[in-house]
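Structure, as structure tokens:
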Amino acid sequence: MKTTQLLRRLVPVLAASAFMAYGSIAAAQTAAPVVRVRATIDKVNPDSLEVSTKAGKKQTLKLAPDLMLFSVSHAAITDIKSDSFIGSAAVPLPDGSLKALEVHVFPAGMKVGEGHYAWDLGKKSSMTNGTVGDVVVTSGRTITVKYPDGEKKIVVPADVPIVSLNKGDRSLLVAGAHGVFFVSKAADGSDVVGRATVGINGVVPPM
């Protein structure tokens with residue numbers, strides 16, 4: 001086959017491949033962002049929730065068919081051990097370490113949202129999800145949390161809430177329960193919950 005004939009056949013194929021790759025990237029870039037809605041459940045419907053946000057706004061949240069739910073219950077610093085997988089919303093300290101605003105302990109064997117990234121629980125707050133290395137208890141409590149790209153030292157004051165997360169189901173969704181709902185916009189403009197952490201026995205998820 002002559003070179004010119006080969007090029008004529010290859011160019012459309014390469015162009016199509018580039019277009020498909022570009023389309024995949026564009027789709028990823030235009031994916032709806034996830035917003036955390038902290039709210040109390042007012043009413044539970046078959047496929048949606050009516051909630052009141054912390055700011056007092058009434059909002060209807062649709063439930064995704066593959067909704068992931070976690071229960072939130074009280075825990076203690078003693079529940080955090082080496083090799084525990086935890087998350088902590090925190091703010092920076094002058095020495096480069098972090099001061100915890102809350103700590104949540106995941107079930108054994110579960111790793112969700114691993115890494116260190118910005119959070120919305122106060123100015124300059126961040127979230128660190130990772131595996132506990134050292135737990136040092138002296139005059140204060142310092143936890144080393146490791147994740148694939150690095151590690152952070154997190155100081156946990158005595159008055160900081162510590163909670164335990166466990167896998168849950170839709171029985172957690174009851175009027176009066178407090179939750180953090182991870183919400184994205186659907187094509188029709190509705191707010192859809194893909195994941196939620198819901199307190200049990202009156203617990204308000206601190207994250």
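The values are calculated or read from the model by the stated rules, or taken from the named source; none is laboratory data. Keep in mind the model is a prediction, meaning the values are calculated, not measured. Virtual Cβ from ideal backbone geometry, glycine too; neighbours counted across all protein chains shown. With ligands, DNA and RNA removed, areas are computed over all heavy atoms of the protein, side chains included. Shrake-Rupley method; radii C 1.70, N 1.55, O 1.52, S 1.80 Å.
Odds and ends about this structure:
- So S184, is it free of Cβ contacts under 8 Å to residues at least 40 places away in the same chain and over 16 Å from S84 (Cβ atoms): no
- Residue identified as over 20 Å from K167 (Cα atoms) and either touching a Pro at 6+ places or on another chain (Cβ under 9 Å) or open to solvent by less than 30 Å² (accessible area, probe 1.4 Å) (or both) among S52, S82, S71: S52
- Candidates V112, V156, filtered to the one that is open to solvent by less than 60 Å² (accessible area, probe 1.4 Å), touching a helix residue (DSSP H, G or I) at 6+ places or on another chain (Cβ under 7 Å) and not aromatic (F, W, Y): V156
- The lone exception for R38 - which of (1) within 23 Å of S164 (Cα to Cα); (2) open to solvent by 30 Å² or more (accessible area, probe 1.4 Å); (3) at pLDDT below 95 it fails: (3)
- Against the conditions (1) open to solvent by 50 Å² or more (accessible area, probe 1.4 Å); (2) within 30 Å of G150 (Cα to Cα), K43 satisfies every one except (2).
- Residue under evaluation A175, criteria (1) open to solvent by 30 Å² or more (accessible area, probe 1.4 Å); (2) of a type in the set (G, A, S); (3) part of a strand (DSSP E or B), criterion not met: (3)
- Taking residues in the stretch 188-207 that are closer than 20 Å to P107 by Cα, and partners anywhere that are surrounded by fewer than 19 Cβ atoms within 10 Å (Cβ to Cβ) and among the hydroxyl-bearing types (S, T, Y), the pairs with Cβ atoms closer than 6 Å and at least 6 places apart or on different chains are I200/S73; V203/S73.
- Within the stretch 178-198, the residues that satisfy the criterion of being among the aliphatic types (A, V, I, L, M) and crowded, with 19+ Cβ neighbours inside 10 Å are V180, V183, V192, V193, A196, V198.
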